[in-house]
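Everything on this sheet refers to the single structure shown next.
The values are calculated or read from the model by the stated rules, or taken from the named source; none is laboratory data. The structure presented is a predicted model; accordingly, all values stated were derived computationally and were not measured. Cβ coordinates were reconstructed from backbone atoms using ideal geometry, including for glycine residues, and neighbour counts include every protein chain displayed.
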Amino acid sequence: MRDNDGLAMSSRNVHLSPEEREKALSINRSLLRAKLSAEKGQVNCRELRNLVTQAVDKAGGRIDYVEIVDQESLEVVEEIKSPVVFCIAAWFGKVRLIDNMEINI
């Protein structure tokens, strides 16, 4: 579930300053870009992780992890061949946020 602005719903969101919250929106935006890129044929997970990492870094976030896992086994994959889940955890200020997005291509 997401708030109206696209940030994943979490009780931690109240601890974000307005500026941090705006920057944290880079998580959802970058996941959406990665999903679109995968739908257009990019199946290399390293490239997709880099896309997300760079966007969050540029917004001032500190990445904890970015992984793409098989939707059923939850094992990390290097190439998208079946439905996957894009998982991310990143810090904005003192708040650790997590998000995920399914990619079905």
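Summary table
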{"quantity": "Where a residue in region 58-72 is among the β-branched types (Val, Ile, Thr) and its partner, wherever it lies, is in a loop (DSSP other than H, G, I, E, B), with Cβ under 9 Å and at least six apart", "calculated": "Ile68/Val77; Ile68/Glu78; Ile68/Ile80; Val69/Glu75; Val69/Val77"}
{"quantity": "Long-range neighbours under 8 Å by Cβ, at least six apart or interchain, first residue farther than 14 Å from Val76 by Cα within region 40-51, second among the hydroxyl-bearing types (Ser, Thr, Tyr) and modelled with pLDDT under 95", "calculated": "none"}
{"quantity": "Some residue of region 62-76 being within 16 Å of the chain's Cα centre (by Cα), over 27 Å from His15 (Cα atoms), surrounded by fewer than 16 Cβ atoms within 10 Å (Cβ to Cβ) and acidic (Asp, Glu)", "calculated": "yes"}
{"quantity": "Test: Arg21 is among the basic types (Lys, Arg) and under 14 Å from Met101 (Cα atoms)", "calculated": "no"}
{"quantity": "Conditions (1) more than 17 Å from Asp99 (Cα to Cα); (2) in a helix (DSSP H, G or I); number of the one not met by Val52", "calculated": "(1)"}
{"quantity": "Lone qualifier among Ile88, Ile27 - being assigned to a helix (DSSP H, G or I), in contact (Cβ under 8 Å) with a residue 40 or more places away in the chain, within 20 Å of Ile103 (Cα to Cα) and of a type outside the set (Ser, Thr, Tyr)", "calculated": "Ile27"}
